[in-house]
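Report on one structure; see the data block that follows.
A short reminder: the numbers here are calculations on the coordinates, not readings from a lab. All values derive from a computational prediction rather than experimental measurement. Neighbour counts run over all protein chains shown; Cβ positions are idealised from the backbone, glycine included.
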Amino acid sequence: LEFCFGETNYMNRIILKKIKEYLKETMKKSGFKIEGQRYVRVVNKQLFQYVEFQGSSGGEQFTVNVGIDCLLDKEIASGKFSFESMRLGMILGKGDIWWAYTDDSAKEAAYIITDFLLPILDDCSTYSRVYQIIEKHINYIPDTEKGEDDFALELYLSKRYNPLIMLCIKLGEYDNALICLNNYINQTKGLMEYHTAFLEQMIAETPSPQYKEKWIQSKAECINDGQNKLQEL
């Protein structure tokens with residue numbers, strides 16, 4: 001994601017600059033470097049971590065995304081398996097927090113990153129540690145109502161199945177890798193069936209031959225995409 005700046009949103013640039021000033025020494029000491037609108041680092045040649053600033057579509061607020069990617073063997077795909085990013089506010093257990101573009105907000109965000117987030121990222125520094133953190137949620141059913149707010153669950157819920165499968169295999173946790181694989185297969189099948197049913201309904205209810213043909217094509221593409229994903233497994 002990129003930080004959303006419009007030409008007229010000069011205040012956005014000022015606040016981002018202030019945040020970077022407040023974080024400059026701390027992030028540098030922690031091994032982070034600036035890459036576009038985010039701070040990035042690689043720890044122990046195993047994990048890629050980033051802290052990313054994202055502006056609102058209205059240009060009046062910003063939020064902070066946090067990402068942890070697994071750098072696995074180079075011969076496996078691109079060698080990088082990505083856990084989707086989380087909101088800093090969710091890791092705090094306070095939901096999706098957005099800050100206004102003010103100096104106080106810049107200080108607050110920088111303070112939270114320095115005092116709260118960095119220790120967590122430091123703790124998530126190896127494959128084994130990430131696995132330990134999310135292991136208890138291996139059997140978590142995504143459709144179940146979330147009953148707790150903690151970093152481990154947020155990390156698990158924000159992941160794609162593929163990187164967790166590869167992480168389990170890397171650590172020799174083959175039973176859990178199989179569980180994750182079955183979850184991924186069921187999730188893929190479920191999504192394909194859901195979208196196929198929706199498209200079939202649209203085909204049946206659309207009077208225009210032109211649009212009906214588009215829905216038929218979309219259905220074929222949906223089925224083909226789902227089948228390709230399953231074949232890759």
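Observations on the model:
- Overall form of the chain: oblate. Here a/c, set by the Cα gyration tensor axes a ≥ b ≥ c, is 1.5 or more, and a/b is not larger than b/c.
- Using a Gaussian network model of the chain in which every pair of alpha carbons under 10 angstrom is joined by a spring, one finds that among ARG87, ARG38, ARG129 the greatest mean-square fluctuation is at ARG129.
- Charge tally in the Cβ shell below 12 Å around SER30, where Lys, Arg are +1 and Asp, Glu are -1, SER30 excluded: +3
- A straight chain from ALA220 to LEU157 at 0.36 nm per residue would run longer than the Cα-Cα distance by 19.7 nm.
- Label-point gap, in nm, between ASN186 and SER208 - each point 7 angstrom along Cα→Cβ: 4.0 nm
- Cα gyration tensor shape of region 82-215, rounded if a/c is under 1.5, else prolate or oblate by comparing a/b with b/c: oblate
- In the chain, the calculated helix contribution to ellipticity at 222 nm averages -16500 deg cm²/dmol per residue, counting -39,500 (n - 2.57) for every DSSP H run with n ≥ 4.
- Label-to-label distance, nm, for residues given as LYS28 and GLN227 (7 Å Cα→Cβ offset): 5.7 nm
- Candidates TYR161, ASN224, LEU23 compared by Cα position along the dipole of the chain: farthest toward the positive end lies LEU23, with charges placed on Cβ.
- Longest site-free stretch - the chain; sites: GluC sites (Glu not before Pro), DSSP loop, at most 11 other Cβ within 10 Å: 149-233
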